[in-house]
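S.K.: Provided herewith is a single structure, encoded as structure tokens, for subsequent inquiry.
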Amino acid sequence: MVGRLVEQEHVGLLREDDPESQPPPLASREGHHGALQIAIRLVTDAGFEPVVVGGLARAKDFDVGTPVYGKALTAAELRKGLGLQQ
């Protein structure tokens, strides 16, 4: 499979200056550092604080049905909920 488009029902993102802002968690395939850097830049340029979670195996930690999915969390709250260092 070359690629796959995944459509998410509810993104729930707000601007960084909004106290209800939900930063998007990012996970990437190992060896694709350039792609991760582009994603970080896009998220930052959109006014959000990116939360880099790690490799693609960690994406399941913020998937549908997890405690952090769809919640309006700050970057610090999201990191805590995912067990990441502050």
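The values are calculated or read from the model by the stated rules, or taken from the named source; none is laboratory data. The shown structure was predicted, so the numbers you read here are calculated from the model rather than taken from an experiment. Note that we place each Cβ from the backbone using ideal geometry, even for glycine, and neighbour counts take in every protein chain shown.
S.K.: Can you tell me how many residues within the stretch 50-70 are surrounded by fewer than 17 Cβ atoms within 10 Å (Cβ to Cβ) and at pLDDT 85 or above?
M.R.: Of the residues in that region, 13 qualify.
S.K.: Follow-up question, since we're still on this one. Taking the stretch 71-86 only, how many residues are outside any helix (DSSP H, G or I), at pLDDT 90 or above and of a type in the set (Gly, Ala, Ser)?
M.R.: Summing the residues that are outside any helix (DSSP H, G or I), at pLDDT 90 or above and of a type in the set (Gly, Ala, Ser) in the stretch 71-86 gives 1.
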